[in-house]
Amino acid sequence: MTKIRTVLITGGAKRIGLAIAKYLHQYGFNIIITYNKSKNDAGKVLSTLNNNRPNSCAIIQANFSTIKSYNFLYNKALKVFGRIDVLINNASKFYSTKIDMVNDKNWIDIINTNLKTPLFLSKSFFPELKKRKGSIINIIDIHVSPPLKNHIIYNLSKAGLLALTQSLAKDLAPSVRVNGVSPGAIMWPESINKKRKKEIISKIALQRIGDPDDIAKTILFLITNGDYITGQNINVDGGRKLNM
């Protein structure tokens, strides 16, 4: 009997992470999502997915504040379904840091979440992923290049994540494939106004924003049909990079 593959998604209770969890679940994967403060949202995901397919989803609270927290997640996640086949580093911090906002607090907050955590989780789960001939997928950002104005620390964190993706692809080969997916305009930030939305859409070749499922579909492709793809970063942006 073929074992059901398990996907671990950090920050899978909301927004793009939630879409990835729901989409992959439809295709028969068992899902484990981590959350930090979004307990209620995570609980809703747990109920929804397990109602659709019993015993197919689990949630784990994790804040990744210490080295022990990575080992804790590894041990707890392995006990749920007995295997991890795919690690999706989705959890991210995004907010403006103009030059006068560059300080230790913001640096640690953004870099730890967007760069340190994907590295240390990849290290922790490598033995299991190697055993499963699995893969790691990092959610990056099209604004790695050119960078987004007034987001200095965020830009650095995502540029580092791209470099990490390529480094891990070399270092973990041939056992584990590592790729990145970079969203363009997929979900509007809550603070954006209509004028800015119109400006952004005007620069997108397809003249519309994307859907979170566009990210999920790309991830499904990398998992199920991308056996000869590693070290790549796929822009899912409707052609936005053409006009950047």
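The values are calculated or read from the model by the stated rules, or taken from the named source; none is laboratory data. Because the structure is predicted, anything quoted here is derived from the model rather than measured. Cβ coordinates were reconstructed from backbone atoms using ideal geometry, including for glycine residues, and neighbour counts include every protein chain displayed. Side chains are part of the model used for accessible areas, which takes the heavy atoms of the whole protein and leaves out ligands, DNA and RNA. Shrake-Rupley method; radii C 1.70, N 1.55, O 1.52, S 1.80 Å.
Restricting Phe126, Phe72, Phe94 to residues that are of a type outside the set (Lys, Arg) and under 14 Å from the mean Cα position of the chain (by Cα) narrows the list to Phe94. The set of residues from the range 31-63 being crowded, with 17+ Cβ neighbours inside 10 Å and small (Gly, Ala, Ser) comprises Ser38, Ala42, Ser56, Ala58, Ala62. Of all residues in the range 181-204, those being in contact with a helix residue (DSSP H, G or I) (Cβ under 7 Å, 6 or more places away or on another chain) and either touching a residue at least 40 places away in the same chain (Cβ under 8 Å) or farther than 24 Å from Ala159 by Cα (or both) number 8. Condition first: open to solvent by less than 70 Å² (accessible area, probe 1.4 Å) and assigned to a strand (DSSP E or B). Can you find one or more residues in the range 64-83 that meet it? The answer is no, given that none of the residues of the range 64-83 is open to solvent by less than 70 Å² (accessible area, probe 1.4 Å) and assigned to a strand (DSSP E or B).
Only one of the listed residues (Ala91, Ala42, Ala77) is over 30 Å from Ile152 (Cβ atoms) and touching a residue at least 60 places away in the same chain (Cβ under 8 Å). That residue is Ala77. Here Ala42 does not qualify as under 20 Å from the mean Cα position of the chain (by Cα) and under 24 Å from Ile142 (Cα atoms). Within the range 72-112, which residues are of a type in the set (Val, Ile, Thr) and closer than 15 Å to Pro127 by Cα? Scanning the range 72-112 gives Ile84, Val86.
In this structure, Ile223 does satisfy being aliphatic (A, V, I, L, M), crowded, with 19+ Cβ neighbours inside 10 Å, more than 21 Å from Lys158 (Cα to Cα) and in contact (Cβ under 8 Å) with a residue 60 or more places away in the chain.
Selection of first residues in the range 148-170 that are basic (Lys, Arg) and of second residues that are open to solvent by 40 Å² or more (accessible area, probe 1.4 Å), restricted to Cβ pairs under 8 Å at least 6 apart or on distinct chains, gives the following pairs, ordered by first then second residue: Lys158/His143.
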